[in-house]
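Input: a single structure, listed below in structure tokens.
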Amino acid sequence: MFAKRLTVTVPTNGSGAATVYSDPIDYGLVSQIRYLKVDYDNGSTFTITSEATGETIWTESGVNASATRAPRQATHGTDGAASLFAGGGAAVQDKIALVNDRIKIVIASGGATKTATFIFVLT
């Protein structure tokens, strides 16, 4: 099984904002994101997307501590209708695919000249 760990350090500017890109990714499914808080301010806002398509990978505001997320997206049938589990009607979700892409990390309210690290696990 293929697995790759991609580590991205994200320093903020004097306004507490940052936009940083990962190294290029040939192919991978986002299995997990680990945010390692170094000294970002409490209440930070993350918007993490695919550079090529703009698809949301993780967006969250008011983040105060290190965290691990396993983002998923809704799946659909060939007719475009949402795939649902039969019993409860809950959405079926799957990992987010990246092909010839980079991950774009945008930080707001991170605090002036602070830093954090994001670790992406791709399978």
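Points to keep in mind about this one:
- Taken over the range 17-56, the alpha-carbon convex hull comes to 108 cubic angstrom per residue.
- The modelled label-to-label distance for the pair A108/K4, using points 7 Å beyond Cα in the direction of Cβ, is 3.0 nm.
- Summary value for the chain: 50 percent relative contact order, contacts being C-alpha pairs under 8 angstrom separated by 6+ residues.
- 3J(HN,Hα) from dihedral phi, the range 62-78, Karplus parametrisation 6.51/-1.76/1.60, rounded to Hz, x for glycine, proline: x, 7, 10, 9, 3, 7, 10, 10, 10, x, 9, 10, 5, 10, 9, x, 5
- Couplings 3J(HN,Hα) of the range 98-108, computed from phi: 10, 10, 6, 9, 9, 8, 9, 10, 10, 10, 10 Hz, in residue order, whole Hz [Karplus 6.51 cos²θ - 1.76 cosθ + 1.60, θ = phi - 60°; x for Gly and Pro].
- Taking a sphere under 11 Å around the Cβ of T19 and counting the other residues whose Cβ falls inside, with K and R at +1 and D and E at -1, yields a net charge of 0.
Read-outs throughout are calculated quantities, based only on the coordinates presented, and are distinct from any laboratory measurement. Treat the numbers as computed from the prediction; the structure is a model and nothing was measured. All Cβ positions, even for glycine, are placed from backbone atoms using ideal geometry, and neighbour counts span all protein chains on display.
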